[in-house]
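The structure appears right after this line, and notes come after that.
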Amino acid sequence: MKSYIPNFLTLLNVLSGCIATVFAVLNHLEWAALFVFIGIFFDFFDGLAARALNVQSEIGIQLDSLADVITSGLVPGVVMFQLLNMSQTGGWNMPFSSEATDTIMWYGGKVNTISFIGFAITMASAYRLAKFNVDENQVSSFVGLPTPANALLILSLPMILLYHNNEVLNNIILNPWFLVILTVLSSYLLNSPIKLFALKFKNWSFKDNGIRYLFIIGSLVLLLTLRFLAIPVIVFAYILMSLINGSGKGA
């Protein structure tokens, strides 16, 4: 029975992603973010459970990536779709504006065609996960930004809008050019050749895991001081620390 425990946790990730997708489509982006966070929690612990119980399997690997396509691929794509649409309509509660010039009809409402650019994140995530499944070198380090980290980056944007309420930040986040550039950057980072260290501990010594301990401690400090604004800072700090560490060497 213990062999089913990791896969059950992965299926809970699938469920979380499905719920998050519904909330994202309904433009309840804070709830979408919550269930993505829950899904990533299950995504982290299914691997731990599989290693602890020594029940790693090929089906578990495939199932994990399929779950991530939903939670860390589809949901951030829908969220970026909503943000791009809001950037054209000028308001959180106006996902389907009749005043926008470049729109198409969709389920009785109107959507700006530029909004569909957001699904480049979903496509790039699916491609990244397919590469990950056939790449045997991504065990102790990653090549390209992991999809959960990218999902947190995208989902942090509506949370910053909601809970920081800073006019400068709001204007930046709801600028369509910023969102398009971030979408392109996000899609590139997912499939870039950059090597990033993985948060996998083979032992607890500081000598072997110094960069991991520094990253975790620094992330906690940033989260306590900057709240949701810390998430994009943490993601880009993660990339910078990996580059300084020698492109994931010894990770």
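Quick notes on this one:
- Shown for region 1-69: the carbon plus sulfur share of the solvent-accessible area, taken with all protein chains present and a 1.4 angstrom probe, equals 77%.
- Rel. contact order, % - alpha carbon contacts under 8 angstrom, at least six apart, region 121-244: 37
- Its residue count N sets the reference 2.2 N^0.38 Å, and the alpha-carbon radius of gyration of region 1-68 equals 1.17 times that reference.
- Listed peptides 27-39, 174-186 appear in the order 27-39, 174-186 once ranked by packing, highest mean of other Cβ atoms within 10 Å at the front.
- Extension gain, Y188 back to R51 (0.36 nm per residue minus Cα-Cα distance, nm): 46.2 nm
- Rg ratio for region 141-204: its Cα radius of gyration over 2.2 N^0.38 Å, N being its residue count, equals 1.39.
- Relative packing of 233-243, 149-159, 11-21, 217-227, which averages over residues the other C-beta atoms within 10 Å, highest first: 149-159, 11-21, 233-243, 217-227
The values are calculated or read from the model by the stated rules, or taken from the named source; none is laboratory data. These numbers come from a predicted model, not from an experiment. All Cβ positions, even for glycine, are placed from backbone atoms using ideal geometry, and neighbour counts span all protein chains on display. In case anyone asks, the SASA skips ligands and DNA or RNA and just uses the protein heavy atoms, side chains included. Shrake-Rupley method; radii C 1.70, N 1.55, O 1.52, S 1.80 Å.
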